[in-house]
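So the structure is just underneath, and the comments pick up after that.
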Amino acid sequence: MTKRTVELELATPGLDAQGRPVRVPLAVTDTDASPTEPHLAGEHMLINIGPQHPATHGVLRLVVELDGETVVRVIPHVGYLHSGFEKLGEYRHYNQIIPLTDRTDYLSPMANNIGFALAAEKLMGIEVTPRCTVLRVIACEMSRIISHMVWLGTTAIDLGAFTPFLWAFQQRELIYNLQETWTGARLTTSVTRVGGMMADIPDDFVPGLRAFTQQFPRTLGEIDRVLTRNSVWVGRTQGVGALTAAEAINYSLSGPMLRASGVPYDLRKDQPYLNYETYDFDVVVGEHGDVYDRYLVRLEECSQSNRILEQALNRLPDGPINVDDPRLILPPKSRAMNDMEAMIYHFKQVMEGVKAPIGEAYVGIENPKGELGNYLVSDGTAKPVRWRIRPPSFINLSALPKMAEGHLLSDLIAINASVDIVMGEVDR
């Protein structure tokens, strides 16, 4: 009979300098799969989790091979949502594609709008106004907070904690109210236009967002107090689904999944856009790459986003939100109804669209789930000949079989939740 030693890291009652549970390695001797009693050997079992299951967070199907309760293999099956966004984009003007980006990662629609607009503007050689730039930073960081709040609340429910879900969704609701005052919509915002924004913020937006940034850290502290040192939470997350830095890079992971494994890669710092290099914030990095570290990274990223929002509000300049080019931006309705030239520009934009020069462009932004890339190829018309999305959810999901192998079936639920996928982005 052969034996193997498994290195586990379990939480002890001791706390480190930050007040978080200390991890100590514990050697556990386990018997290999060749029992001395042949009658105890059993066949492996195949089970389906999803595609209609609340713990898969969407229409994701996991075919799981089990040896008792131990996961031997996991095969994710995608494609049940069959959205076809990329193909739809080939038949629409650039501004008409923006509502499609709402429906990809529908937990951070404003950031998706901005990612596509930046790619189209790079393709067309457009530089947006200073006020538009800061407003886009505000929209991106609001999206990061609401996305992480959804992740934190639903993951807590998956592991048996209900109260943090209520706290997280209460904060999400406050930002949704702000989004609604700005765009008129809560989920499908369509906030950007090529060359600017669909509307400026209302008068009560800045006071409302300031009030949010002042009270939000209190809720983060409550969630930290309830979960971070909770023995059940720690036992369900520490040492579960761990990936080393080399493994995370090899799987092309990005976002919190990559940073939790100790890789300090953040597009806002490494490939700055929207003047992010001028903001003071920290890149949050984990050490062990397990479910627990992914939780800590996302929790602290909310604090960093709150810092960025406060700085953006303090530097928000006056001025226009759109570029001064009637070939790109629709004229005001009052002008279109009273001025012949404005009406002609309005007609040409609506009927013919904004034409891009022949070429290609790629822009990646640091979305809540990782690097969201938009790649556009133009043949000189008002519609892209190819629109390709780099979806962080789809790429991060590819590491699920590696993370789940050898863990218990109950751990698979925690590992899958820690990836933070949204199926609109996976089945794009």
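Quick notes
- All positions within region 320-351 that are out of contact with any Cys (no Cβ under 9 Å at 6 or more places or on another chain) and either in a loop (DSSP other than H, G, I, E, B) or aromatic (Phe, Trp, Tyr) (or both): Asp324, Asp325, Pro326, Arg327, Leu328, Ile329, Leu330, Pro331, Pro332, Asp339, Tyr345, Phe347
- The residue that is surrounded by the most Cβ atoms within 10 Å (Cβ to Cβ), among those in region 142-180 that are touching a residue at least 60 places away in the same chain (Cβ under 8 Å) and within 11 Å of Phe212 (Cβ to Cβ), is Ile145.
- Filtered residue count, region 402-421, keeping only those that are of a type in the set (D, E, K, R), farther than 19 Å from Thr154 by Cα and part of a helix (DSSP H, G or I): 1
- The one condition in (1) surrounded by 15 or more Cβ atoms within 10 Å (Cβ to Cβ); (2) in contact (Cβ under 8 Å) with a residue 24 or more places away in the chain; (3) touching a helix residue (DSSP H, G or I) at 6+ places or on another chain (Cβ under 7 Å) that Asp280 fails to fulfil: (1)
- Total residues in region 66-99 satisfying the condition of being surrounded by 15 or more Cβ atoms within 10 Å (Cβ to Cβ) and under 21 Å from Leu397 (Cβ atoms): the figure is 11.
- For region 331-338, the criterion of being of a type in the set (A, V, I, L, M, F, W, C), more than 28 Å from Gln171 (Cα to Cα) and in contact with a strand residue (DSSP E or B) (Cβ under 9 Å, 6 or more places away or on another chain) is met by no residue.
- Some residue of region 259-271 being assigned by TED's automatic domain parsing to the domain that holds Val137, touching a residue at least 60 places away in the same chain (Cβ under 8 Å) and either farther than 24 Å from Val137 by Cβ or in contact with a Pro (Cβ under 9 Å, 6 or more places away or on another chain) (or both): no
- Single residue of region 306-329 satisfying the filter (in contact with a Ser or Thr (Cβ under 9 Å, 6 or more places away or on another chain), under 30 Å from Asp158 (Cβ atoms) and touching a residue at least 40 places away in the same chain (Cβ under 8 Å)) that is surrounded by the fewest Cβ atoms within 10 Å (Cβ to Cβ): Asn306
- Against the criterion of being on the phi > 0 side of the Ramachandran plot and out of contact with any helix residue (DSSP H, G or I) (no Cβ under 8 Å at 6 or more places or on another chain), Gly50 does not qualify.
- Only one of the listed residues (Asn374, Asn396) is touching a residue at least 40 places away in the same chain (Cβ under 8 Å), crowded, with 18+ Cβ neighbours inside 10 Å, of a type in the set (S, T, N, Q) and outside any strand (DSSP E or B). That residue is Asn396.
The values are calculated or read from the model by the stated rules, or taken from the named source; none is laboratory data. On a predicted model such as this, the values are computed, not experimentally measured, just so you know. Virtual Cβ from ideal backbone geometry, glycine too; neighbours counted across all protein chains shown.
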